[in-house]
1. For region 140-177, give me the residue count where each residue is surrounded by fewer than 21 Cβ atoms within 10 Å (Cβ to Cβ) and of a type outside the set (D, E, K, R).
2. Which residue pairs have Cβ atoms under 7 Å apart, sit 6 or more places apart or on different chains, and have a first residue in region 132-144 that is more than 18 Å from ALA329 (Cα to Cα) and a second that is part of a loop (DSSP other than H, G, I, E, B) and at pLDDT below 95?
3. Mind checking which residues of region 1-47 are under 34 Å from the mean Cα position of the chain (by Cα), among the polar types (S, T, N, Q) and at pLDDT 75 or above?
4. Name the residues in region 237-283 that are among the charged types (D, E, K, R) and surrounded by 15 or more Cβ atoms within 10 Å (Cβ to Cβ), would you?
5. Just name the residue that is surrounded by the fewest Cβ atoms within 10 Å (Cβ to Cβ) out of those in region 31-48 that are under 18 Å from VAL11 (Cβ atoms) and among the small types (Gly, Ala, Ser).
6. Just give me the residues in region 195-227 being open to solvent by 10 Å² or more (accessible area, probe 1.4 Å) and either under 28 Å from the mean Cα position of the chain (by Cα) or acidic (Asp, Glu) (or both), in sequence order.
7. I'd like the residue in region 53-98 that is open to solvent by 80 Å² or more (accessible area, probe 1.4 Å) and basic (Lys, Arg) and, out of all such residues, is nearest to the chain's Cα centre (by Cα).
8. Would you mind finding the one in GLU309, GLU242 that is over 15 Å from GLY166 (Cβ atoms) and of a type outside the set (A, V, I, L, M, F, W, C)?
Amino acid sequence: MQIEVRPTLIVKTQSDGKSSVDLIWLSQLLKDIGRGSSLVVASKKSGTSYRGAWGKVNQVEDALGMPLMIRTKGHGSELTEFGTFLIQFIEDMQAGYLKHDAQYHEILLKEIKKIQKSESLRWKFFSSSDSVIQKAAGEVAGIDLKIAGSGESLERLLNNEAHIAGYHVSDQRSSKAIYQRLSKNDIEIYPVMKRIQGLIVKKGNPLQIRSIEDLVDKKVRFINRQIGSGTRLLLDTLLMEEGIDPLEINGYLAEEFTHSAIANAILAGKADVGLGVKNIALENGLGFVPLKDEIFFVAMSKEMAAQSESSKLIRKIRSTSGETPGYKAVSLNRQIQDWL
């Protein structure tokens, strides 16, 4: 990597307020004029148009309040006393920097390499929204969590855009289908926890919402999760099982991207009910109507599974879920053998 640091002069302009002039460039331009070159020739040698060079010289003169050259029509340009001084000033300033050039470069490059190395060790973890996942990932160094729906997380893993994917399923048939697809791509799947999904409602459940069927009541304002999320898929599956047209639900098309956002919408009075996990309802003092248990999985390549951060992440998710209301840790495939 080659880096060159050069002094610049910040000047005011009428168009954008500020502009910068490369003083090394300016010094060379002034030197050529001092040797007898016209501004046309000097600007060409500097790689700048005549108009551009003249504009920059005028900017510097206006900023410093001193002329750099005297332009005589038909006789070219001649440096002023200050123009000659400025050349020497710029050279002395750059020489002072060059005395410590190697030291500055070493400090800069060392920091760049350190950050690059740190970034390269961060494993991208795309996962469905979940407070346990967020807490666990935040406590494992090297894990960079990105919230996405279960479907998107898995697709990113399969497209090598993620190192780890977190997803949840609420029925055995879907779980087996996902398991088979991932296994064919040499991806390891680890069950980490069981959680309860249900209807998050206002405290005391004033509208007496007890089931999915109650969502078709026009007085009930629903808030949905985004397309591609596991929770949205769960809702659509439940609606299909009950033979309910989604568009009969007031608010079916209104979307939020996390369980916490669903709770916040209800707390703010923007909705009466939404689908989410039990612990979010409890944390926010809201009511909860349980509907379905589901299993949360973590998937990754065999190479990723060999990394120490992976095992730390899995252990942390299991231990955190075991301490959180509405969750239960799952550590063995035989605990959910009908799902794989």
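1. 14
2. Qualifying pairs under 7 Å: GLY142/LEU121; GLY142/ARG122; ASP144/ARG122.
3. THR8, SER19, SER20
4. GLU255, GLU256, ASP272, LYS278, GLU283, listed by residue number.
5. Top of the filtered list is SER46.
6. GLU213, ASP214, ASP217, ILE223, GLN226, ILE227
7. For region 53-98, the residue satisfying everything is ARG71.
8. Exactly one of GLU309, GLU242 is over 15 Å from GLY166 (Cβ atoms) and of a type outside the set (A, V, I, L, M, F, W, C), namely GLU242.
The values are calculated or read from the model by the stated rules, or taken from the named source; none is laboratory data. The structure presented is a predicted model; accordingly, all values stated were derived computationally and were not measured. Because the Cβ atoms are built from the backbone with ideal geometry, glycine has one as well, and the counts that use them run over all protein chains shown. Ligands, DNA and RNA are stripped out before the accessible areas are found, and what is left, the full protein with its side chains, is counted by its heavy atoms. Shrake-Rupley method; radii C 1.70, N 1.55, O 1.52, S 1.80 Å.
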